[in-house]
Amino acid sequence: MENEYNSKKFKENLQKYEEGQKVGKLPYMDADDLTDIAEYYHNNGNMTASREVVDYAISLFPGSAAPLALRARIALHDDENYNAAHEYAEQIADKTDFEYYYITAEIMLVKDMANDADTYLKSCMNGMDKEDINDFTLDCCSLFTDFEYFDIADKWLKRCNDIQDADYQELKGRIAINNGNYKESERIYDNLIDKDPFSTKYWNGLASSQMMQNEINDAITSSEYSIALDPNNTQALFSKANGLFELGNFEDAYNYYNRYSTNCPDDESGVIASAICMFNMKNEDEGIILLKRAEKIAIKEGHTTSLMSIYKELAYAESMRKNLVKTIKYIDRVDSSFQNFKDKTQVIRGYIYLENQEVQKAEYCFKKAMEITKNIDMIVLGIGIAYYDNGNIESAFKILTQIKKDASEEIIYKTYPYIASFYHKKDNEEKFLKYLKLACEKAPEDTRDVLGELFPEDINPKDYYSYTIKDKSK
């Protein structure tokens, strides 16, 4: 679709539509052209404009598949309204149109009915023309990949005949990232870029592969190529901001998050990230203003899941300002709105109480969290980190080393940087090196967060151990 946005025809249609909008006389275009404009606005975060165009298209062409499918997706994802999405989908006149198949399956996927969607789409292939099979299977693979059902997506990919197709290779690269085959994914995107160096999608994919390998500077460079091709490419702007943030360059990261938010005014994620940059730059007042702005966007757009992150960050910010009353108010909002997270909110309460030297209240919260949780190891990890962050490394070490050996690998790996830090502070070089090596191998991102101040900024956290060994041999 990105090449279509750069085409002369699309640019002319977009200009024609926007000029007509300015004078209050919308131009007549066919349904597909109007849907392309609506998708362009939607992809760039301008939800209001997207709705206006697609509703105009539906008014001109009732029953047309393209605009109705897009309108159903907006209802499904932006409004979180399953019933409205279903109603728009059922207005599609031709029930054999592929767009009808896709949106019907997509509604199932949003309802966590992946196997039903898989069965339904396979049934749609009965009697399908052979020349349509390859495109259909690629689209189905893309759909399951978007929803992160990678096992099902891989099965659809294997049904494709044209393995040299660029879309096939791009999907193979996305699945490889999920499977942890980052080098393979990087190789695929490098090959795709060799054939089409003007694709922002490929540069963004390469940046994702590099970011997952903690090749932060390379990921930033790839994002910059994408931005050079399209200065308003939102994925590239956000990716570069994330890279800068990881390097501790909070001022520049803030600028790119802000650029993202300008292009995506209805998405609060860039505003939240900007706020966190402000906190890291010790500007709590501006950070809180940004979070309250993000809260308004999330409420307006119905993005309830974002509110948990917003209230958590507001709680931490007010705690930093020693305003315990407001801090608890925001934690209470999380507690009342997210019933399934009460164990996590108890850990947050404990963290806040520790930060405010209310040790007994903190211990009560931690005990409560352990009583009600269904994932004891995750909660123990959170409690250990709370003690570590608040300067009690002895308690942190004692707690983190109690995590069971049969805990998930992800949780065990996250303990390594903290244990390494403990031994470093205790001048136990042998055990420090042992756990530093494990931390670098298994949890490089957490290792940067916990131990980054011990190393030069330009060193990849995967290389902290080798850097230390080399430095000691001098």
Compute the angle between helix 284-301 and the longest alpha-carbon principal axis of the chain, please, reported from 0 to 90 degrees and rounded to the nearest 10.
40
For the pair LYS9 and GLU358, how long in nm is the line joining their label points, each one 7 Å along Cα→Cβ?
6.4
Angle between the Cα long axis of helix 324-337 and the longest principal axis of the chain, 0 to 90 degrees, nearest 10?
50
Carbon/sulfur accessible area of region 351-408, % of total, 1.4 Å probe, equals 50
List the GluC sites (Glu not before Pro) within region 122-198 that fall in a DSSP loop (any state other than H, G, I, E or B) and whose Cβ has at most 14 other Cβ atoms within 10 Å.
GLU148
Taking the dipole of region 146-300 about the Cα centre (Lys, Arg +1; Asp, Glu -1; charges at Cβ), the one of GLY243, SER209, ALA298 that reaches farthest to the positive side is ALA298
Quick calc, region 191-319, dipole around Cα centre from Cβ unit charges on Lys, Arg (+) and Asp, Glu (-), nearest 20 debye, gives 220
Work out the charge dipole of region 99-204 with +1 on the Cβ of Lys and Arg and -1 on the Cβ of Asp and Glu about the Cα centre, then indicate which of CYS140, ASN181, ILE103 is farthest towards its positive end.
ASN181
I'd like to check one number: the per residue accessible area of region 339-430, probe 1.4 Å, reported in Å² as a whole number.
57
Under unit Cβ charges (Lys, Arg +1; Asp, Glu -1), what dipole magnitude, rounded to 20 debye, does region 1-73 have relative to its Cα centre?
160
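How big is the dipole moment of the chain about its Cα centre under a simple scheme where the beta carbon of each Lys and Arg is +1, that of each Asp and Glu is -1, and everything else is neutral? Debye, nearest 20, please.
On the way: 57 positive and 84 negative charges, 422 e Å.
Dipole of the chain, to the nearest 20 debye: 2020 debye.
Mind checking the full-extension length gain between GLU251 and GLU80? Use 0.36 nm per residue of separation minus the Cα-Cα distance, one decimal, nm.
On the way: separation 171, 0.36 × 171 = 61.56 nm, distance 3.44 nm.
Between GLU251 and GLU80, full extension yields 58.1 nm more.
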Run the helix sum for the chain: -39,500 (n - 2.57) per DSSP H stretch of 4+ residues, divided by residue count, reported at 222 nm to the nearest 500 deg cm²/dmol.
-23500 deg cm²/dmol
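Once you list every other residue whose beta carbon is under 12 Å from the beta carbon of PHE150, what net charge do they have if Lys and Arg are +1 and Asp and Glu are -1? Working shown, then result.
Values: positive: LYS155, LYS172, ARG174; negative: ASP146, GLU148, ASP151, ASP154.
Summing Lys/Arg as +1 and Asp/Glu as -1 gives -1.
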Here FRET efficiency (C-beta to C-beta, ARG159 to LYS300, R₀ 35 Å, nearest 0.05) is 0.25
Rounded to whole angstroms and listed largest first, the alpha-carbon spread of region 379-474 along its three principal axes comes to 40, 25, 23
Taking Cα atoms, how many degrees apart are the long axis of helix 8-22 and the longest axis of the chain, rounded to 10 and kept between 0 and 90?
90
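Might you tell me the accessible area per residue for region 187-308, computed with a 1.4 Å probe and given in Å²?
Values: 5230 Å² over 122 residues.
Heavy-atom accessible area per residue stands at 43 Å².
Tell me the carbon and sulfur percent of the accessible area for region 184-246, rounded to whole percent, probe radius 1.4 Å.
On the way: 1290 of 2530 Å².
Within region 184-246, the accessible surface is 51 percent carbon and sulfur.
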Going through region 304-353, which trypsin sites (Lys or Arg not before Pro) have at most 14 other Cβ atoms within 10 Å and a DSSP loop state?
ARG321, LYS322
Give me the lysines in straight-line cross-link reach of LYS404: C-alpha distance below 16 Å, same-chain residues under 8 apart excluded.
LYS374, LYS414
In Å, the C-alpha Rg and Dmax of region 1-138 are 15.9, 49
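Averaged per residue, what accessible surface does region 1-74 expose to a 1.4 Å probe, in Å²? Mind showing how you got there, number by number?
Numbers: 3720 Å² over 74 residues.
Per-residue accessible area for region 1-74 comes out at 50 Å².
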Quickly work out the ARG187-to-ASN134 label distance, labels modelled 7 Å from Cα along the C-beta direction, and quote it in nm with one decimal.
2.3
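Among the listed pairs LYS296/LYS322; LYS368/LYS405; LYS155/LYS183; LYS405/LYS442, give every one whose C-alpha distance is greater than 19 Å.
Numbers: LYS296/LYS322 24 Å; LYS368/LYS405 23 Å; LYS155/LYS183 22 Å; LYS405/LYS442 15 Å.
In this structure, LYS296/LYS322; LYS368/LYS405; LYS155/LYS183 lie more than 19 Å apart at Cα.
So what is the relative contact order for region 38-175, in percent, with contacts set as C-alpha pairs under 8 Å and at least six apart? Kindly include the intermediate steps, with their values, before the conclusion.
Values: 144 pairs, mean separation 18.7, N = 138.
Over region 38-175, the number comes to 14 percent.
The values are calculated or read from the model by the stated rules, or taken from the named source; none is laboratory data. On a predicted model such as this, the values are computed, not experimentally measured, just so you know. All Cβ positions, glycine included, derive from the backbone under ideal geometry; neighbour counts span all protein chains shown. The accessibility values were calculated without ligands, DNA or RNA, using every heavy atom of the protein model including side chains. Shrake-Rupley method; radii C 1.70, N 1.55, O 1.52, S 1.80 Å.
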